Amino acid sequence: MDRPTVHGSRVAQNAAALLGGRVVTGVVGLVTVPALYGMLGSRRFGLWALLLGLAAIAGLLDFGLGSAQVREVACATGGGDPRRARAVLALGMVCSAGLALVVGLAAALGWPLLAHVFDLSDLAGEGRAAALLLVASLMVDGLASPWRAALEGTQRLRSVAFITVTSAIAGGAGGVALVAAGHGLAGLGWSVLTGSVLRLSLLFVTARRWACGMRPSIRAIDRNAVLTALRYGWRVQLSSGAAVINNDADRLVLGAFSSTAAVSPFDLGSRLANVLRLAPTYVIIAVFPAAAALHARGDRAALDRTYVRTTRYLAMFAAVAAAALVASADPLVVLWLGRRVPMVVATVCLLAPGYAVNLASGAASAVTRAEGAPERETRYALLAAGLNVVLTVPLLVALGPPGVPLSTTLAYVAATAYFFWHFHRSSGRAFGPVLEAIWKPFAAAGCAALVSWIALGRSPIPAERLAAVIAAGSRAGLVVLLSVGMLIALGFFDAEDRRVITRAVARLRIRDAAPTPAHAAKGAS
């Protein structure tokens with residue numbers, strides 16, 4: 001078996017493992033959120049969403065060392081310097097823990113100001129306790145970062161998926177139980193902290209067993225390791241900071257300009273739209289260390305093949321899934337929350353197209369980081385963030401709450417187009433293959449969504465969950481069938497795709513035809 005096949009198989013296995021873990025984690029979230037929303041109410045749930053957004057901002061301000069840790073471990077496994085990898089692992093751990101201490105101090109001192117800005121009044125005390133517990137969980141996650149990076153960098157991603165699922169189930173179940181017991185937002189904070197402690201313990205034990213050579217070493221930190229990590233990391237940090245603006249700042253804008261109650265439907269809609277990210281995000285995570293190893297070996301041809309093929313599959317999935325989600329948004333919200341909430345539906349329909357376009361650039365982001373040139377992605381992320389900042393408040397004033405998700409989508413579309421152009425120009429790659437990989441899925445999905453809306457868009461929205469299942473399934477199914485048919489007509493699937501499908505069918509036939517032990521024994525007798 002040739003190297004590209006083995007390499008692609010490993011990426012696919014890692015992506016499948018992470019996807020399976022993320023699906024379970026997503027299901028836990030989708031199951032627990034309606035219960036929490038019902039018990040907490042719109043205002044308190046909105047405050048919890050704001051706190052999670054602030055925690056996400058703080059968690060991403062790690063000087064880009066999280067990505068640097070994974071890259072150094074992956075490069076070390078591809079023939080790089082193991083000592084430098086251990087130094088960067090230690091540097092990331094120390095910086096993350098120190099940052100959490102600073103954030104905790106800032107939260108304790110600045111809480112009265114935050115309570116005033118978001119008009120928390122009677123929720124101020126409860127919110128402060130939850131915020132400090134979230135900061136404590138950030139510190140624990142910082143201590144866990146080198147062990148997670150060791151597993152991701154050595155492509156032990158099935159272990160990462162199992163640990164993520166275990167901690168998510170424990171945290172989700174604990175959160176619902178504590179809120180039901182009357183502990184409110186503080187109970188949710190304790191559940192998040194418990195999940196972080198469990199995750200740290202499992203990551204430590206697993207990394208010590210399967211990636212024992214990749215452990216943090218403070219004594220290995222030297223000037224060269226610090227400069228290498230920061231030279232790479234600060235550019236990733238700019239990208240991460242810009243991503244925060246696109247993903248989490250919208251909640252802060254709604255909370256400050258409107259109310260915490262207005263944050264709730266937006267948060268619920270964005271959670272549902274984020275289902276689109278389940279598969280693509282973890283394909284990208286699996287591709288990153290593999291791409292870094294290919295770059296370290298100097299195998300540009302294999303890296304380019306991986307990039308184009310991954311982009312094809314990401315674009316196909318993102319476009320078709322976004323179209324299906326938009327077409328079935330109304331009955332899906334009824335199925336999820338038990339009633340129709342128009343702002344949740346509007347948020348889903350406005351965010352999904354932007355998320356799909358953004359996800360199509362995921363392979364390019366992974367490759368540019370693997371090549372040690374994250375400044376390409378940084379320009380893209382800063383452009384998206386800048387456009388979002390410029391558009392959010394005017395569109396909020398002009399259109400009300402729907403203007404917030406609309407600004408995010410417009411920013412993503414414009415910035416992603418620029419990123420593809422700049423990435424190919426600066427890296428010397430031909431633009432034709434990736435353009436063909438992108439336009440066909442989006443054209444097919446757009447036409448399918450339009451036909452579905454014409455055929456089923458005026459049918460009444462069901463008020464019961466059972467009818468909502470049928471309505472959502474019929475709308476989404478029609479979009480998927482039409483999209484696949486159009487992609488076949490456009491010649492999207494190439495010979496390699498057909499070989500993959502043929503091999504998969506052949507394996508299924510072999511499994512179906514294989515005799516069971518009982519049949520084998522009977523035949524022998």
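Per-residue answers, yes or no, for (1) at pLDDT 90 or above; (2) closer than 25 Å to residue 336 by Cα:
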| position | (1), (2) |
| --- | --- |
| 383 | no, no |
| 390 | no, no |
| 416 | yes, no |
| 420 | yes, no |
| 436 | no, no |
| 444 | yes, no |
| 447 | yes, no |
| 459 | no, yes |
| 486 | yes, no |
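For the range 178-204, the set of residues classified as over 22 Å from residue 146 (Cα atoms) and open to solvent by 60 Å² or more (accessible area, probe 1.4 Å) consists of 180, 181, 182, 183, 190, listed by residue number.
Of all the criteria given as (1) modelled with pLDDT under 85; (2) open to solvent by 10 Å² or more (accessible area, probe 1.4 Å), the one not satisfied by residue 69 is (2). In the range 130-140 there is no residue that is modelled with pLDDT of 85 or more, of a type in the set (Ser, Thr, Tyr) and either surrounded by fewer than 21 Cβ atoms within 10 Å (Cβ to Cβ) or more than 21 Å from residue 190 (Cβ to Cβ) (or both). For residue 430, the conditions (1) more than 13 Å from residue 360 (Cα to Cα); (2) open to solvent by less than 50 Å² (accessible area, probe 1.4 Å); (3) in contact with a helix residue (DSSP H, G or I) (Cβ under 9 Å, 6 or more places away or on another chain) all hold with the exception of (2). Checked against the criterion of being in a helix (DSSP H, G or I) and open to solvent by 10 Å² or more (accessible area, probe 1.4 Å), the candidates 325, 294 yield just one match: 325.
Looking across the range 383-435, the residues that are among the hydrophobic types (A, V, I, L, M, F, W, C) and farther than 24 Å from residue 348 by Cα come down to 419, 420, 421, 423, 430, 431, 434, 435. Looking at 53, 153, 92, 46, just one residue is buried (at least 24 other Cβ atoms within 10 Å of the Cβ), at pLDDT below 90 and within 20 Å of the chain's Cα centre (by Cα), and that residue is 153. With respect to the stated conditions, residue 174 fails to be outside any helix (DSSP H, G or I) and surrounded by fewer than 24 Cβ atoms within 10 Å (Cβ to Cβ). Say whether the condition of being farther than 30 Å from residue 469 by Cβ, without any contact (Cβ under 8 Å) to a residue 24 or more places away in the chain and not in a helix (DSSP H, G or I) is met by at least one residue in the range 300-320. Within the range 300-320 (the criterion being farther than 30 Å from residue 469 by Cβ, without any contact (Cβ under 8 Å) to a residue 24 or more places away in the chain and not in a helix (DSSP H, G or I)), the answer is no, since none of the residues qualifies.
The set of residues in the range 481-501 being open to solvent by 60 Å² or more (accessible area, probe 1.4 Å) and closer than 25 Å to residue 462 by Cα consists of 481 alone. Got at least one residue in the range 66-79 being in a helix (DSSP H, G or I), more than 25 Å from the chain's Cα centre (by Cα) and not β-branched (Val, Ile, Thr)? Yes, that holds for at least one residue. Of all residues in the range 140-155, those being assigned to a helix (DSSP H, G or I) and touching a Ser or Thr at 6+ places or on another chain (Cβ under 8 Å) number 9.
The values are calculated or read from the model by the stated rules, or taken from the named source; none is laboratory data. Just so you know, these numbers come straight off a predicted model, no measurement behind them. Positions of Cβ are backbone-derived with ideal geometry, glycine not excepted, and every protein chain shown enters the neighbour counts. The accessibility values were calculated without ligands, DNA or RNA, using every heavy atom of the protein model including side chains. Shrake-Rupley method; radii C 1.70, N 1.55, O 1.52, S 1.80 Å.
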